[in-house]
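The values are calculated or read from the model by the stated rules, or taken from the named source; none is laboratory data. Predicted, not measured: the structure shown is a model, and the values here were computed from it. Note: ideal-geometry Cβ built from the backbone for every residue, glycine included; neighbour counts use all protein chains shown.
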Amino acid sequence: MARTLAEFAATMTGNPGFSPKPWFNPDGDCVQLYLKNDESYRDRVDDKLTLYRSLERDEIVGCQIKGVRGMLRRLGGVVVFKHKELPFALLIIMSHYEGAASPYEPLKRRKLYDAILNKTEGSQLQFTDHWCDSMEANDREAVGEVERGRS
């Protein structure tokens, strides 16, 4: 019997293999990225970043970043929505500066952010056309409400 998802997938015909890439979950307002297909547990760094660590070796095998919609808006969502992709590193950096309530001392927290930043170098987060269109519509509506409030 297969012990891991990788072993199970290897038994399937036509398996394209594991490919690490960030995945945006609009319902959860988060981005998840698995770098390795290892069984893992969660290590919450702060209210923005959770690391996934290998059960076998305790190494970082992925992460989750929360509160992505707000970060995208603070980046100037129009640019993100037009190009439909974003360097994953930018979300990690923003999470570091926006995160709070960490069980780790500041230096350890910074080192954990550095570790995931190094492991995810070059990763791009891509957004669907449907999601970008709905976010642009929400932003236009919000801007209209603010401008109506100024009148």
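Residues in segment 74-93 that are modelled with pLDDT of 80 or more and part of a helix (DSSP H, G or I): 7 in all.
Against the numbered list (1) of a type outside the set (D, E, K, R); (2) touching a Leu at 6+ places or on another chain (Cβ under 7 Å); (3) in contact (Cβ under 8 Å) with a residue 60 or more places away in the chain, LEU86 comes up short only at (3).
Among the residues making up segment 53-67, a single one is surrounded by 22 or more Cβ atoms within 10 Å (Cβ to Cβ) and either over 12 Å from the mean Cα position of the chain (by Cα) or not in a strand (DSSP E or B) (or both): VAL61.
For segment 89-105, name all the residues that are touching a helix residue (DSSP H, G or I) at 6+ places or on another chain (Cβ under 8 Å) and either without any contact (Cβ under 8 Å) to a residue 12 or more places away in the chain or closer than 20 Å to THR128 by Cα (or both). Those that are touching a helix residue (DSSP H, G or I) at 6+ places or on another chain (Cβ under 8 Å) and either without any contact (Cβ under 8 Å) to a residue 12 or more places away in the chain or closer than 20 Å to THR128 by Cα (or both): ALA89, LEU90, LEU91. Only residues that are modelled with pLDDT of 90 or more and part of a helix (DSSP H, G or I) were counted in segment 99-151, giving 14.
Within segment 69-120, the set of residues being aliphatic (A, V, I, L, M) and more than 22 Å from SER19 (Cα to Cα) comprises MET71, LEU72, LEU75, VAL78, VAL79, VAL80, ILE93, MET94, ALA100, ALA101, LEU107, LEU112. Within segment 48-68, one or more residues are touching a helix residue (DSSP H, G or I) at 6+ places or on another chain (Cβ under 9 Å) and modelled with pLDDT under 90.
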